[in-house]
Amino acid sequence: MLVNCVVYQDGKKVADIAQGEIHDYLAKPGSFVWVALRDATDGEIDEMRRQFDLHDLSVEDARHGHQRPKIEEYGDELFTVLHVIEPAGEELHVGEVSIFTGPNYVLSIRNRTEQSFLGVRARCEREPDLLRHGSGYVLYALMDAVVDRYFPVLDAIETELEAIEARIFANTAPRANIEALYYVKQKVTTLKHATGPLMDSVGKLYGGRVPQVCHGMGEYFRDVYDHLVRLNQSLDSLRDTVATAIQVNLALITISETEVTKRLAAWAALLAVPTFIASLYGMNFANMPELKWEYGYFMALALMSAFDLYLWYRFRKSGWL
């Protein structure tokens, strides 16, 4: 689906154009074309390949999708793949944006994502001085928008983890807590897969041999890189926290089982004394002491009670009961 097809010159919008007019405007000096597609069909991608003369390998990646975040250079063309992370209930939905950037064009194709980039286009059009940089500034604006959308997702994951940690120390449903922690770990991994590879790629856009379309935009791409560094550091810390929380939860389960074992052992000791005495007197030997004594029965009960009270006191004092 074609979302927008606009030509710009000197940092200002010239006109909305039809797909068939793209090649004509590409030949005009000082102008560039910005096309946005959503869930593009094979026919639409083939049309864009003809209009912009895109490299076959980048077109193949955009057609098949499910690529890792990356930035690849094909002559004057820069091919960028970004992951768009969107909350979908308790899950994270992963979309994809493919961006083709040339000296006088930008083509963005977003797949499996609901959030649009109309706000990015409006932002660029409000900043004509920056838009004069051409397609390089548009590439920065799109990347900046995608990276900024990662931060609310990260905040939501941190809030979810804090709630689980509170439940862990409240001694509630250990199995459910572990399952919830694994879901959090899965979300952290999903976000890490989006930011980790991208950080390495963005670092090449402002240092060393910078691609032609990014000339003059080094400080802007460095800002995106700084955001990615913050995200990756937070994700690494969050992943360590999740691992620690899982270990703490398992340790609390072990401690709880130990407490149960100690209580069972204490009660077993309390029952063992009267069982021993009762079984001893139950042998009924004729010459057993106190067997025919008038108060023998009461003496046995008193002996059992005394031993059990003493054991109960010692177990209670040691914290076993």
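Which whole-angstrom value gives the distance between the alpha carbon centres of the range 137-214 and the range 1-34?
Each part's Cα centre sits 35 Å from the other's.
Around L191, under 12 Å between beta carbons, what's the net of Lys plus Arg minus Asp minus Glu among the other residues?
+1
When the C-alpha atoms of the chain are aligned to their principal axes, what extent does each axis show, in angstrom, from largest down?
Here the Cα extents, ordered largest to smallest, are 123, 37, 30 Å.
What is the set of long-range amide H partners of T113 at a cut-off below 5 Å, with H atoms built 1.01 Å from backbone N?
E96
List nothing, just return the count: lysine pairs in the chain, 8 or more apart or interchain, with Cα separation under 17 Å.
Lysine pairs satisfying the spacing and distance rule in the chain number 5.
Roll a 1.4 Å probe over the protein chains and send me the accessible area per residue for the range 100-255 in Å².
46 Å²
Counting only C-alpha contacts under 8 Å and six or more residues apart, can you give the relative contact order of the chain as a whole percent?
Answer for the chain is 14 percent.
Can you quote the Å³ per residue value for the convex hull of the Cα atoms in the range 1-155, rounded to an integer?
108 Å³
Can you give the calculated 222 nm mean residue ellipticity of the chain, where each DSSP H run of n ≥ 4 adds -39,500 (n - 2.57) and the sum is split over every residue, rounded to the nearest 500 deg cm²/dmol?
-20000 deg cm²/dmol
Working with all protein chains in place, sort W34, W267, W312 by solvent-accessible area computed with a 1.4 Å probe, largest first.
Largest accessible area first, the residues go W267, W312, W34.
For T244, what accessible surface area do you get with a 1.4 Å probe? Give it in Å², rounded to 10.
So the heavy atoms of T244 present about 80 Å² to solvent.
Would you mind getting the Kirkwood hydrodynamic radius of the range 165-238 from its Cα pairs, rounded to one decimal in Å?
Roughly 14.6 Å, rounded to one decimal.
Positive end of the dipole of the chain, charges at C-beta (+1 Lys, Arg; -1 Asp, Glu), about the Cα centre: which of G30, V229, A40 has its Cα farthest in that direction?
V229
In the range 101-245, what percent of the accessible surface is made up of carbon and sulfur (1.4 Å probe, ligands and nucleic acids excluded)?
50 percent
How high is the relative contact order of the range 36-152? Use alpha-carbon pairs under 8 Å, at least six apart in sequence, and give a whole percent.
After rounding, I find 22 percent.
Determine the relative contact order of the range 124-278: mean sequence separation of Cα pairs under 8 Å and six or more apart, normalised by residue count, in whole percent.
Relative contact order of the range 124-278: 28 percent.
What full-extension length gain, to one decimal in nm, is calculated for A27 and A265 as 0.36 nm per residue of separation minus the Cα-Cα distance?
Full-extension gain reported as 76.9 nm.
Along the principal axes of its C-alpha atoms, what lengths does the range 15-80 span, in descending order and rounded to whole Å?
34, 25, 17
With all protein chains present and a 1.4 Å probe, how do R121, R38 order by accessible area, largest first?
Ranked list, largest accessible area first: R38, R121.
The values are calculated or read from the model by the stated rules, or taken from the named source; none is laboratory data. Quantities reported herein were computed from a predicted structural model and do not represent experimental measurements. Neighbour counts run over all protein chains shown; Cβ positions are idealised from the backbone, glycine included. Accessible surface is based on the protein model in full, side chains and every heavy atom, while ligands, DNA and RNA are left aside. Shrake-Rupley method; radii C 1.70, N 1.55, O 1.52, S 1.80 Å.
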